[in-house]
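The values are calculated or read from the model by the stated rules, or taken from the named source; none is laboratory data. Please read these numbers as outputs of a predicted model, since none were measured by experiment. Cβ atoms come from the backbone with ideal geometry, glycine included; neighbour counts cover every protein chain shown.
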Amino acid sequence: MTSIESELRDRAVQHGQEHVFAFWDNLDGGQRNALLDQLAAVDFELVERQAQLLDTSATDEHTELNFSPPELFPLERSGDGERQAQAAAEHGAELMRAGKVAFLLVAGGQASRLGYDGPKGAFPVGPVSGRSLFEIHARRLRAAQARYAQSFDWYVMTSPANDANTRAFFAEHDHFGMLPEQIVFFPQAMIPALDLEGRILMSAPDSLFLAPNGHGGTLAALRSAGLLERARKNGVETFSYFQVDNPLVRPADPLFLGLHASRGARMSSKVVSKRDAGEKVGVIGKVNGVLGCIEYSDLPADCREARDVSGRLAFGAGNIAAHLLQVDFVEELTAMQLELPWHVARKRMNVVGPDGQPTEVDGAKFETFIFDALGKSAQSVTLEVAREFEFSPVKNAEGEDSPLTARQALCSLYGDWLTAAGEELPAADAHGTHPVEIDPLVAEDRESFLGASVPAPIRLPAGLLYDRS
């Protein structure tokens, strides 16, 4: 028995997890080494704390919760509000010209739910060009570099499941016109899933059942990958955080950045107005005075239906997972052990049973959510943006939040710009959508499209494309 095996066996026994060695005698050398590598990365003390969360009898169901809306910087603004917005946008532009921002993309998912074999970011969503989510984001960042005469770092958080394929996809596409040294890939951590008795589950005799630790794990992963040190060295003060599935997201937003900086905020959020009280989306709000994201199922019915004096939903600030975080804020949060609350997802899981045979059991995965860090920021901005301009995620194969609805949103947005420019739209397709697309390198918004010298459109059988490439 090697010293590493002995040490890990002792740790497993100490924490009541000795069953992870149940199949040891039947494993070959490579399988044993793989299992030891996984066990060496396990925080057994954390596993114990997570197991305690499964004891629902310990939950205090009588705690009174008070819900209140956030302070909102609204989409529709008065004269004073518009002047404040203009000043903030100018300040944000200055910060980007000074290179104070790095972009942080969360892209750990696979596109299997969409019927595509590969990272979700590789999924083609361009309504005319067929460009992938990754390429659309890259072209937005390249456009920002041109606007602000600056070279920005782009940190891309992958997962162990898609890290190699993501790197290969970027290399295959020449990093979408960005310099390879600008783009840093780093994987999020994986942690064991447990059965409902708190025992680590096995996916195979030589492998633990591991699951991603949630987008809250982005913060600790930044530190472990050395990216906080890199950001400091490069003069970066703010991370612009966004998720891969939203092709409309605007990570280089001078208004958002300027408001955040002017407020002295350490973490801020963008939101869209909920379509109606029944839309099942988390909202930014306060629980017992602490800012965070309130899940739809956690918000009482009377709060979901409540309206303010203007008739708008009081709790209508739908979270779109676009945030700004100060580098020093992330440094402080991760200096010791990051203490974001763990969220438990109970579900049926395909595992290896005690007899070594495949079986299905009730189990639990554990995740942290990045928006739980909002409550640790003394100052925060909640900026309302237009849904049709900034939010149409690709989450489901069909129906709401699908590739079809995202492409329709892109076509509707670009069609508005083209109509304003006097351009005739192509015929509508079977879904009633006019297939049009404007490359982010051509314009960021309608105003810049109307005011820019744009290239002649490429007319394709499937639609109309304004393109810089």
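Of note:
- Among (1) closer than 30 Å to Asp55 by Cβ; (2) surrounded by fewer than 17 Cβ atoms within 10 Å (Cβ to Cβ) - the single one Ala146 does not satisfy: (1)
- Yes/no for Leu450 being among the hydrophobic types (A, V, I, L, M, F, W, C) and farther than 21 Å from Pro247 by Cα: yes
Conditions tested, residue by residue: (1) closer than 28 Å to Ala314 by Cβ; (2) touching a residue at least 12 places away in the same chain (Cβ under 8 Å); (3) within 19 Å of the chain's Cα centre (by Cα).
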site	(1), (2), (3)
Gly353	no, no, no
Gly363	no, yes, no
Ser380	yes, yes, yes
Leu383	yes, yes, yes
Arg387	yes, yes, yes
Ser392	yes, yes, yes
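- Residues of the stretch 59-74 that turn out to be in a loop (DSSP other than H, G, I, E, B), over 29 Å from Ala88 (Cα atoms) and modelled with pLDDT of 90 or more, as a count: 2
- Complete set of residues in the stretch 36-58 that are among the charged types (D, E, K, R) and either buried (at least 17 other Cβ atoms within 10 Å of the Cβ) or modelled with pLDDT under 90 (or both): Asp55
- Taken over the stretch 306-315, the criterion of being farther than 14 Å from Ser273 by Cβ and exposed (fewer than 14 other Cβ atoms within 10 Å of the Cβ) is satisfied by Val309 alone.
- Test: residue in the stretch 208-226 that is part of a strand (DSSP E or B), over 30 Å from Ser132 (Cα atoms) and over 20 Å from the mean Cα position of the chain (by Cα): yes
- Any chance Glu229 is more than 17 Å from the chain's Cα centre (by Cα), at pLDDT 95 or above and among the acidic types (Asp, Glu): yes
The rows are residues; the columns are (1) under 30 Å from Val381 (Cβ atoms); (2) of a type in the set (A, V, I, L, M, F, W, C); (3) over 18 Å from the mean Cα position of the chain (by Cα); (4) outside any helix (DSSP H, G or I).
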| site | (1), (2), (3), (4) |
| --- | --- |
| Gly81 | yes, no, yes, no |
| Ala88 | yes, yes, yes, no |
| Met96 | yes, yes, yes, no |
| Gly99 | yes, no, yes, yes |
| Gly108 | yes, no, no, yes |
| Gly121 | yes, no, no, no |
| Val128 | no, yes, yes, yes |
| Phe185 | yes, yes, no, yes |
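- Residues satisfying the stated conditions in the stretch 98-137, i.e. without any contact (Cβ under 8 Å) to a residue 24 or more places away in the chain, on the phi < 0 side of the Ramachandran plot and not hydroxyl-bearing (Ser, Thr, Tyr): Ala111, Asp117, Pro124, Arg131
- Residue in the stretch 239-249 that is touching a Lys or Arg at 6+ places or on another chain (Cβ under 7 Å), touching a residue at least 60 places away in the same chain (Cβ under 8 Å) and closer than 22 Å to Met96 by Cα present: yes
- Residue in the stretch 231-248 that is surrounded by fewer than 19 Cβ atoms within 10 Å (Cβ to Cβ) and of a type in the set (Ser, Thr, Tyr) present: no
- Odd one out for Phe391 among (1) touching a helix residue (DSSP H, G or I) at 6+ places or on another chain (Cβ under 9 Å); (2) more than 30 Å from Val330 (Cα to Cα): (2)
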